[in-house]
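K.L.:
My questions all concern the structure below.
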Number of protein chains: 2
Amino acid sequence: MVTFTALADPKRRRIVELLATGEMAAGEINKHFRVSGPAISQHLKVLREAHLVRVRVDAQRRVYSLDPKGLDELEEWLMGIRKFWSGRLDALERALRADLPPESKKRKP
Amino acid sequence: MVTFTALADPKRRRIVELLATGEMAAGEINKHFRVSGPAISQHLKVLREAHLVRVRVDAQRRVYSLDPKGLDELEEWLMGIRKFWSGRLDALERALRADLPPESKKRKP
DNA sequence: TGTGTATTTAAGATTTGACTTAATTTAGTC
DNA sequence: GACTAAATTAAGTCAAATCTTAAATACACA
């Protein structure tokens, strides 16, 4: 799950958010940030490897767009957690979750 | 969105996966890894700050469980991206996505 | 009150990550 | 072919993250 590593950086999340509104060339993306070109290029590489973005070559330009695969993987992980979790939640645990007074189960050390 | 930073580490993801199957004391969690106690304790702190886990005190033990808040925030971000994105997808973009021969739009530099 | 257990906090070493400038690649134009 | 534009790769620096061991804290029970 390299997806989380890729999205851990705020600039990379911002890039994904930008691309959600439409495709964009590397240089255009760069204009939205105060860092050098190479910095963005490296971020894009990380996002590419995480299958969060795709490149299309148009002359000298590289036009980036979202790749569904990365987001799908993210959602699958999340849903996997939720599945196990909701299967596990019994009445007591629901009570704890709602911050009701818990039946503190004591236990010898 | 400290959530992504928290989940960027494989050990922390594993901890969340463990807790999805039920609550667990810090020491028990530790047994699932080959690192020292303090290492796990630090990871748990990061997860707590990201609202991905909660602690319940039981005598000397700290019993950890999943916190819905962190996962909810994660899902909200994801759905926000999807919302913008699917709104943007027109016929041409769908075609590109399906890897059909794209109408390469040339453009002077 | 003293001892053992569970866990966290502190301090320091090492690795990993993000940025910069310089050099390289690729494409189009004159 | 030489020149410009767009972007990437390379190399080095600085900051942040993770791990370790040692010390501190909190609790239970004899």
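The values are calculated or read from the model by the stated rules, or taken from the named source; none is laboratory data. The model shown is predicted, which means the values in this text are computed figures rather than measured ones. All Cβ positions, even for glycine, are placed from backbone atoms using ideal geometry, and neighbour counts span all protein chains on display. Ligands, DNA and RNA are stripped out before the accessible areas are found, and what is left, the full protein with its side chains, is counted by its heavy atoms. Shrake-Rupley method; radii C 1.70, N 1.55, O 1.52, S 1.80 Å.
K.L.:
Taking the conditions exactly as written (acidic (Asp, Glu), modelled with pLDDT of 90 or more, under 19 Å from B:Arg13 (Cα atoms) and buried (at least 17 other Cβ atoms within 10 Å of the Cβ)), does A:Glu73 satisfy them or not?
P.N.:
yes
K.L.:
Also, quick follow-up: Just the residues that are in a helix (DSSP H, G or I), among the β-branched types (Val, Ile, Thr) and open to solvent by less than 30 Å² (accessible area, probe 1.4 Å), please, taken from the range B:23-56. Please lay out each step first, then the result.
P.N.:
First, the residues of the range B:23-56 that are in a helix (DSSP H, G or I): B:26-31, B:37-49.
From the residues that got through so far, the ones that are among the β-branched types (Val, Ile, Thr) too are B:29, B:40, B:46.
Listed by number, the residues that qualify are B:Ile29, B:Ile40.
K.L.:
Continuing with the same structure: Taking the range B:1-38 as the region of interest, how many residues are over 30 Å from A:Gly70 (Cβ atoms) and basic (Lys, Arg)?
P.N.:
Looking only at that region, the number is 1.
K.L.:
If I go through the range A:23-38 residue by residue, how many of them are without any contact (Cβ under 8 Å) to a residue 24 or more places away in the chain and closer than 30 Å to B:Leu47 by Cβ? Steps first, answer last, please.
P.N.:
From the range A:23-38, those without any contact (Cβ under 8 Å) to a residue 24 or more places away in the chain are A:28, A:30-34, A:36-38; that's our starting set.
Filter once more, so that each one left must be closer than 30 Å to B:Leu47 by Cβ: A:33.
The total comes to 1.
K.L.:
Taking into account only those residues within the range B:28-49 that are β-branched (Val, Ile, Thr) and within 9 Å of DNA strand C (Cβ to nearest atom), which is nearest to B:Met1 (Cα to Cα)? Before the answer, list the steps.
P.N.:
Of the residues in the range B:28-49, the ones β-branched (Val, Ile, Thr) are B:29, B:35, B:40, B:46.
Add one more test, that the residue is within 9 Å of DNA strand C (Cβ to nearest atom), and what stays is B:29, B:40.
Values: B:Ile29: 25, B:Ile40: 22 Å.
Only one residue fits best here, namely B:Ile40.
K.L.:
Here's a follow-up. How many residues does the range B:6-22 hold that are in a loop (DSSP other than H, G, I, E, B), at the interface with chain A (Cβ under 7 Å from one of its Cβ atoms) and either closer than 10 Å to B:Leu47 by Cβ or within 10 Å of the chain's Cα centre (by Cα) (or both)? Walk me through how you get there before you give the answer.
P.N.:
Within the range B:6-22, the first condition is being in a loop (DSSP other than H, G, I, E, B), and the residues that meet it are B:8-9, B:21-22.
With the extra rule that they be at the interface with chain A (Cβ under 7 Å from one of its Cβ atoms), the set shrinks to B:8, B:21-22.
Filter once more, so that each one left must be either closer than 10 Å to B:Leu47 by Cβ or within 10 Å of the chain's Cα centre (by Cα) (or both): B:8.
Of the residues in that region, 1 qualify.
K.L.:
Which of the residues that make up the range A:40-71 are free of Cβ contacts under 8 Å to residues at least 12 places away in the same chain and facing chain B (nearest Cβ under 10 Å)?
P.N.:
Passing the criteria: A:Val57, A:Ala59, A:Gln60, A:Pro68.
K.L.:
Sticking with this structure for a sec: Give the residues of the range A:1-54 that are of a type in the set (Asp, Glu) and within 12 Å of DNA strand D (Cβ to nearest atom), sorted by residue number. So that I can check it myself, show each step before the final result.
P.N.:
Of all residues in the range A:1-54, those of a type in the set (Asp, Glu) come to A:9, A:17, A:23, A:28, A:49.
Passing the criteria: A:Asp9, A:Glu23, A:Glu28, A:Glu49.
K.L.:
Sticking with this one: If B:Gly87 satisfies every condition in (1) within 11 Å of another protein chain (Cβ to nearest Cβ); (2) surrounded by 15 or more Cβ atoms within 10 Å (Cβ to Cβ); (3) not charged (D, E, K, R) but one, which is the exception?
P.N.:
Looking at each condition in turn, B:Gly87 falls short on (2).
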